[in-house]
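Only one structure is covered here, and it is reproduced in the block below.
Derivation of every value follows stated rules applied to the coordinates shown; laboratory data play no part. Keep in mind the model is a prediction, meaning the values are calculated, not measured. Note that each Cβ is placed from the backbone with ideal geometry, even for glycine, and that neighbours are counted across all protein chains shown.
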Amino acid sequence: MTSQEQSKHVSFTLLVAWLVLLSSCKANPRSNTEIEALLKWKESLPDQQILQSWVAHINATASSPCRWSGIACNNEGSITEINLAFMGLRGTLQNLDVSSFPNLLRLDLKVNNLTGTIPTNIGTLSKLQYLDLSTNSLNGSLPLSLANLTQVYELDVSRNNITGELDRRLFPDGTSLSKTGLLSLKNFLLQRNKLGGRIPEEIGNLKYLVILALDGNHFCGPIPPSIGNLSHLTTLLLNQNELSGKIPISLGSLKLENLFLFINKLSGSVPDEIGNLSSLVALHLAEKNLTVLRVAGNMISGTIPNEIVELSQIGYLDLSSNQLSSNIPAEIGKLSKLSYLILKDNKLSGAVPAGIGGLSNLESLDISINMLGGSIPDQIGDCWKLQSLSLSKNCLNGTIPYQIGNLRALQDLDLSFNSLMGGIPPQLGSLSDLENLNLSNNSLNGLVPTSLGSMVSLISINLSNNNLEGPLPEGKIFRSATLEAFSNNKDLCGDIQGLRLCNAPAIKKGDGNMKSKLVIIVVPSLVGALSLSITSIGIFLFLNKKHSRNMVKDESTSNSENPFSIWYFDGKTMYEDIIEASKSFDDKYCIGLGGTAKVYKVEIPGAQVFAVKKLRSLAEGTETENIKSFTNEVAALTEIRHRNIVKLFGFCFQEVHSFFIYEFMERGSLAGMLGSEEGAKELDWATRVRVVKGVAHALSYIHHDCSPPIIHRDISSKNILLRSNLEACISDFGTARFLKPGSSSWTTIAGTYGYLAPELIYTSIVTEKCDVYSFGVLVLEVLMGKHPGELITNLNSSTDTSVPLKNVLDDRLSPPRSLKIADELALMENLALLCLCAHPQSRPTMRNVCRQLEMQAANN
């Protein structure tokens, strides 16, 4: 007999002796049986430190198993828990008599080195609630007696070497009389084993199931549609099996948060019903023969996962009309079999990836109604099978790539509502199959290429709202199209009713108002020439002006409400009334002070209240500065009329008093409101959204609907004034500048520091994108309730330009309760960050900003 055998013999002899002595003592007979079962199991295992406390003593109290490592008992001293998880336990379960533990509630042996099979009588643990044998090296099949564990809520035998099939008798039969099967199961984890066969239809009777993990096995056949009955299921992991057939549409009725089906032999398309999984956090379908994925028209948010490029067999991908944000995956070009890519109507930003040119089988590409910026990649011309291309309603800039002319199969091309510049490439005339062409609402200039006239297949064209000029080409489409297709351009001519004939002289826009414009321009010149020795008073009635496309009718004020109508022919009377009402501009009427002017509140008896902006007198040594500011403001404000631009009623320019007469804005400046606790709270989230929209519409108007366009150059919260209903208006056009084609874009720096575009500071080059940058600063200020200087500095020094919305919201207001308002605030933040791009051409136009804001409102 070896020493080890002798040791075991001695131990067993002591055990017998102890049991004989114990029989004469008063002890719990059930406890004795449990002790005996544990010690017998210990004897069958290799010696190991974890079980050193399992020692029998003659003293019953000292030998109580309730004090042993990994053992817990109830008040009667009966074992309720055996927990030896993560202990490095070696051996088998063959000599563990589980029937000796009738009160056992928890058996946890996970992450050990156990081998052999699961005891066949494990079902005798009738009170067991938790069974975890995972991450061992157990083999054999699942004992049928598991069906007796009707109170088990967690069963985990994952990461073993279990073989065989899932017997349908393990599950309830679905009737109310059923008393067997895993009735209470919530978590059923069999992953990473060697199980095979079909998944029984009866698995759908586990009505309390929350997690079902069968991944990493050899299950075959179809996914049981009955899984759709598991109304509490949140996680379904069936990946890495050999499942075949279609994905059941019944899965779409669940509350799934995680659905993994990758690496199987599934076929067919992903059912539309999968799009109903509104709680879905993770959907993993990669490495399966997926050919169609359509989850359009839902509320799916977050980013497009980069893993989607691993769907090597995908031919149809439709993620449209969701809430997806961030970038299109850069490696989208890996989907070489993709024929249809539809990502429209989301919140995607960033650039159109150049890798899209690798989609050589692409027939339709629609990424319209997003927030994509940058230029259209030249590589798009490599998608030679493309029949339909829509990039409309984004923030794309740069020129139209001439390579689009290589897309000879193209039938529909829509690049409208962007910020595209330059000319229309003549190469588009090579698109012999093109039927519909929409380039409207951009900033395209130059001539319409004559090559477009030879496009015999063209049945629809829209070039409106650009800066195109010159004659329209000869061709069928240019004879049959209506005026709307070419309206609002610089100076197109052709044989279309409403356009001038090309041999007729051009009529300058606004000629009908030349008289008033001439007076406005000439007055300062005469004043300068005569050394301001002649008093000049100009009173102009702007309320009844009717401009063509560069005037917006404002019906909020009628002639009868305008007191200046009675002064129209008596400027002297008006002048005297203002001087009298303001007590010769007494400081007690002063409501605002700027660098070159003071603003007074003037109430004329029998008339309304006005804001009179008085420039510093010429005697103060600022003659040139005053004349320039006056000229700018008069020239700008006589050209424009918009409900979100402060109304100019009249002006006076003479040596003693030079002033403007505006409508009075009752609530003062936006800066003042945001700067006070009470004012900030009155500007609730819905009001702040309206303020931003008002400013955006006004800027879009002066940039795109005035000819020539006007740049404000000093957009800041102090120059945004609020009416009594908190409607926003842009004021102070003293630094405004007309953006005339062909003129120099160099200028002296003007505006408010903290709002100035970086290129203006360093290069003194002014474009409408300077206003766009200032608008971005203003939007963040509206969101934050303070100037965002520190945030902008952090963004400039970081490669991560994403900022969580909650981090920028004014903490003086409660978070938005309305989903509609929350979505609009999120869009405002995203647009602001786009407007703050360091490169001017990467910023959206104000026209595009307005469209994005309006589309968001319409979608809600």
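Available extension along the chain between E43 and R198 is 51.8 nm, counting 0.36 nm per residue and deducting the alpha carbon span. In this simple spin-label model, placing a label point 7 Å from the Cα along the Cα-to-Cβ direction at both A857 and N503 gives a separation of 4.8 nm. Using θ = phi - 60° in the Karplus curve 6.51 cos²θ - 1.76 cosθ + 1.60, the 3J(HN,Hα) couplings for segment 242-252 round to 10, 5, 10, x, 9, 6, x, 5, 5, 5, x Hz; x is entered for Gly and Pro. For segment 315-325, the Karplus equation 6.51 cos²θ - 1.76 cosθ + 1.60, evaluated at θ = phi - 60°, returns couplings of x, 9, 10, 10, 10, 5, 6, 10, 10, 5, 10 Hz by residue, with Gly and Pro reported as x. Computed from the C-beta positions of N807 and E307 and an R0 of 45 Å, the FRET efficiency is 0.95 to the nearest 0.05. Label separation (S584 vs S279): 7.9 nm, computed from points 7 Å beyond Cα along the C-beta direction.
So for V270, V281, fewest C-beta neighbours within 10 Å to most, what's the order?
Working: V270 25, V281 12.
Final ranking by Cβ density, sparse to dense: V281, V270.
Using 0.36 nm per residue and subtracting the Cα-Cα separation, the extra length available between K681 and S141 on full extension is 187.7 nm. Site pair E257 and E469 shows an inter-label distance of 6.2 nm when each label is modelled 7 Å from Cα along Cα→Cβ.
Couplings 3J(HN,Hα) for segment 115-127, derived from phi with the Karplus relation 6.51 cos²θ - 1.76 cosθ + 1.60 (θ = phi - 60°), are 10, x, 9, 6, x, 5, 9, 4, x, 6, 7, 5, 9 Hz, where x marks Gly and Pro.
Each residue in V111, V691, V612 was given a count of other beta-carbon atoms within 10 angstrom of its own, and listing them fewest first yields V111, V691, V612.
For segment 411-491, the Cβ-based charge dipole about the Cα centre amounts to some 140 debye (Lys, Arg positive; Asp, Glu negative; other atoms uncharged). Amide H contacts for A351 (H built 1.01 Å from N in the peptide plane; partners 5 or more residues away or on another chain; cut-off under 5 Å): G373. Residues whose amide H comes within less than 5 Å of that of V808, counting only those at least five positions distant or on another chain, are absent (H built at 1.01 Å from N in the peptide plane).
Could you give the dipole magnitude of segment 325-461 about its Cα centre, charging the beta-carbon of Lys and Arg +1 and that of Asp and Glu -1, in debye to the nearest 20? Don't jump to the answer; show the numbers that get you there.
On the way: 7 positive and 10 negative charges, 38 e Å.
It comes to approximately 180 debye.
Among D167, D414, D47, which comes first, then next, by fewest other beta-carbon atoms within 10 Å? List each step's numbers first, then the result.
On the way: D167 16, D414 19, D47 11.
Arranged by neighbour count, lowest to highest, D167, D414, D47 become D47, D167, D414.
Here's how it looks for G302: its modeled amide H is under 5 Å from those of S325, which are all 5 or more places away or on a different chain. Taking each residue as 0.36 nm, the span from K385 to K246 lengthens on full extension beyond its C-alpha to C-alpha distance by 47.1 nm.
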